[in-house]
């Protein structure tokens, strides 16, 4: 497969997920079938004290359950690439999380390193300092450059936005900028309210998918966010999916054992 075909496939996957679980013209969506939930969950392994052993265990969980993606800090990307290789679970690189506190040059260099390490997706944190200082136009230009870099490296780009750090006006401006910069998606940090997902979907339209990332702790919380239009839900612990019934996995028994001892 050619490089541009890989990029297109990843971006289209995100957009199809957004359309399939989108607002449907404002009409309420059906509650998702349990069997469809694992493929919409992204496991986010970002705590500073995570060790190699915990990352290995969590990646095995994600692979067994057929999770959509695993998000890792740059240090663990080579390990994640090895553990997830050959599976449909994508490897997402967390760049500058959570507030984008990097210089533009450092952020670009780190993004290049993540591409070289085998990331399928780059999740790049919005530079909140720039936005709060009135330099959103500068940040939009930087994101456009990063989107081009991601495409050239065979990755999809999403932008991490901290909902709690922005006013309603700032959020609208930021999501408009994300939509125009060519990003494939936006990740809403600290998002547990389906209403926030509705707002983001209205502002982004069909041009970018939405991932809701927050301290969700139950299958019902995950499902409500998907119902609201999220293409993915980011969770820190897969034990939130313990209550699922009816989903079929070849390694279901082993996955249940792993979930009983999740990090």
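The values are calculated or read from the model by the stated rules, or taken from the named source; none is laboratory data. Predicted model, so just to flag it, every value in this text is computed and none were measured. Cβ: placed from backbone, ideal geometry, glycine included. Neighbour counts: every protein chain shown.
Numbers at a glance
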item: Cβ pairs under 6 Å, 6+ apart, first in region 33-48 and on the phi > 0 side of the Ramachandran plot, second crowded, with 16+ Cβ neighbours inside 10 Å and assigned to a loop (DSSP other than H, G, I, E, B); result: none
item: Checking residue 151 against (1) under 30 Å from residue 66 (Cβ atoms); (2) surrounded by fewer than 23 Cβ atoms within 10 Å (Cβ to Cβ); (3) touching a residue at least 60 places away in the same chain (Cβ under 8 Å); (4) touching a strand residue (DSSP E or B) at 6+ places or on another chain (Cβ under 7 Å), the condition it does not meet; result: (4)
item: Region 217-238 residues that are on the phi > 0 side of the Ramachandran plot, paired with ones that are at pLDDT 85 or above and crowded, with 18+ Cβ neighbours inside 10 Å (beta carbon under 6 Å, 6 or more apart); result: 229/197; 229/201
item: Test result for residue 245, under 18 Å from the mean Cα position of the chain (by Cα) and at pLDDT below 95; result: no
item: Answer residue from region 39-55, given it is touching a helix residue (DSSP H, G or I) at 6+ places or on another chain (Cβ under 7 Å) and buried (at least 16 other Cβ atoms within 10 Å of the Cβ) and is farthest from residue 214 (Cα to Cα) among those; result: 55
item: Sole exception among (1) more than 28 Å from residue 57 (Cα to Cα); (2) in contact with a helix residue (DSSP H, G or I) (Cβ under 6 Å, 6 or more places away or on another chain); (3) surrounded by 23 or more Cβ atoms within 10 Å (Cβ to Cβ) for residue 179, by number; result: (3)
item: Every residue from region 121-148 that is farther than 16 Å from residue 172 by Cα, in contact with a helix residue (DSSP H, G or I) (Cβ under 8 Å, 6 or more places away or on another chain) and buried (at least 17 other Cβ atoms within 10 Å of the Cβ); result: 121, 122, 124, 142, 143, 146, 147
item: Among residues of region 202-212, those that are farther than 20 Å from residue 125 by Cβ and at pLDDT 95 or above, counted; result: 0
item: Residue selected from region 155-195 under the condition under 15 Å from the mean Cα position of the chain (by Cα) and in a helix (DSSP H, G or I), by the criterion nearest to residue 107 (Cα to Cα); result: 178
item: Residue within region 70-88 that is surrounded by fewer than 21 Cβ atoms within 10 Å (Cβ to Cβ), assigned to a loop (DSSP other than H, G, I, E, B), touching a helix residue (DSSP H, G or I) at 6+ places or on another chain (Cβ under 7 Å) and without any contact (Cβ under 8 Å) to a residue 60 or more places away in the chain present; result: yes
item: Selected residue (only one of 28, 9 is over 16 Å from residue 222 (Cβ atoms), modelled with pLDDT under 80 and in a loop (DSSP other than H, G, I, E, B)); result: 28
item: Any hit, region 97-116, residues being in contact with a helix residue (DSSP H, G or I) (Cβ under 7 Å, 6 or more places away or on another chain), part of a helix (DSSP H, G or I) and within 23 Å of residue 210 (Cβ to Cβ); result: yes
